[in-house]
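Let me begin by presenting the structure, written as structure tokens, before commenting on it.
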Amino acid sequence: QKEVEQNSGPLSVPEGAIASLNCTYSDRGSQSFFWYRQYSGKSPELIMFIYSNGDKEDGRFTAQLNKASQYVSLLIRDSQPSDSATYLCAVRSGGTSYGKLTFGQGTILTVHP
Amino acid sequence: ETGVTQTPRHLVMGMTNKKSLKCEQHLGHNAMYWYKQSAKKPLELMFVYSLEERVENNSVPSRFSPECPNSSHLFLHLHTLQPEDSALYLCASSHTTGSYEQYFGPGTRLTVT
């Protein structure tokens, strides 16, 4: 079983729609959860992190965490073509103090006009 | 991306060569990381340094040798690599190893022939 698994893409949505990206993780001791965006040929950049159950909103982005189900998601409202990128889910275990992040394989999102 | 720089951006080397990758961060951070990103595989942590001390070696083969002479610079020395080591090598930094956000450099695209 993969430690961090993301819904297989690619995901294609029309401009203005809601894009839903999903991630499950295997380590119940995980404490912090991150969503990175990586444009083609670029390095990852952090767009959101969440560590408490529930929703966290930042502009058009909403992260949702359900620790009981070991599930974290990212919703992108009013999707724009500029949101087209690979989205990486990352998880930090509670058993480490040195910032180790375990990444999923990424979901490619395409927003078409 | 200018907060964390990496050189060279592209590198082609033979299996018998020795080369080094360099990373420099201009953010005043105390933690630095090496990651490997291979095609169709998750981003994988290789090494973590905190205040020039290595705190994690994630089962990386000895043909990869990191060096952290100070908190702003990080090197990855390469020798007798294999073709399967071809990947994008990303450097990242964070304020401390406990910080939520890691800032990535642009990466070095390595090809081993």
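The values are calculated or read from the model by the stated rules, or taken from the named source; none is laboratory data. The shown structure was predicted, so the numbers you read here are calculated from the model rather than taken from an experiment. Cβ sites come from the backbone with ideal geometry, for glycine too, and all protein chains shown count toward neighbours.
Please work out if A:T86 is farther than 15 Å from A:I47 by Cα and either at pLDDT 95 or above or in a strand (DSSP E or B) (or both). Considered against the rule, which asks whether it is farther than 15 Å from A:I47 by Cα and either at pLDDT 95 or above or in a strand (DSSP E or B) (or both), A:T86 comes out as no. Residue count for segment A:37-52 under the criterion of being more than 7 Å from chain B (Cβ to nearest Cβ), over 20 Å from B:W34 (Cα atoms) and assigned to a strand (DSSP E or B): the result is 3.
Every residue, every condition in (1) within 14 Å of chain A (Cβ to nearest Cβ); (2) out of contact with any helix residue (DSSP H, G or I) (no Cβ under 6 Å at 6 or more places or on another chain); (3) crowded, with 20+ Cβ neighbours inside 10 Å, yes or no:
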site: B:K22; (1), (2), (3): no, yes, no
site: B:M32; (1), (2), (3): yes, yes, yes
site: B:A39; (1), (2), (3): yes, yes, no
site: B:N70; (1), (2), (3): no, yes, no
site: B:Q82; (1), (2), (3): no, yes, no
site: B:S93; (1), (2), (3): yes, yes, yes
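Within segment B:48-57, the set of residues being among the hydrophobic types (A, V, I, L, M, F, W, C) and either within 10 Å of chain A (Cβ to nearest Cβ) or touching a helix residue (DSSP H, G or I) at 6+ places or on another chain (Cβ under 6 Å) (or both) comprises B:V48, B:V55. If the condition is being among the polar types (S, T, N, Q), under 16 Å from B:M13 (Cα atoms) and under 14 Å from the mean Cα position of the chain (by Cα), then segment B:91-113 contributes only B:T108.
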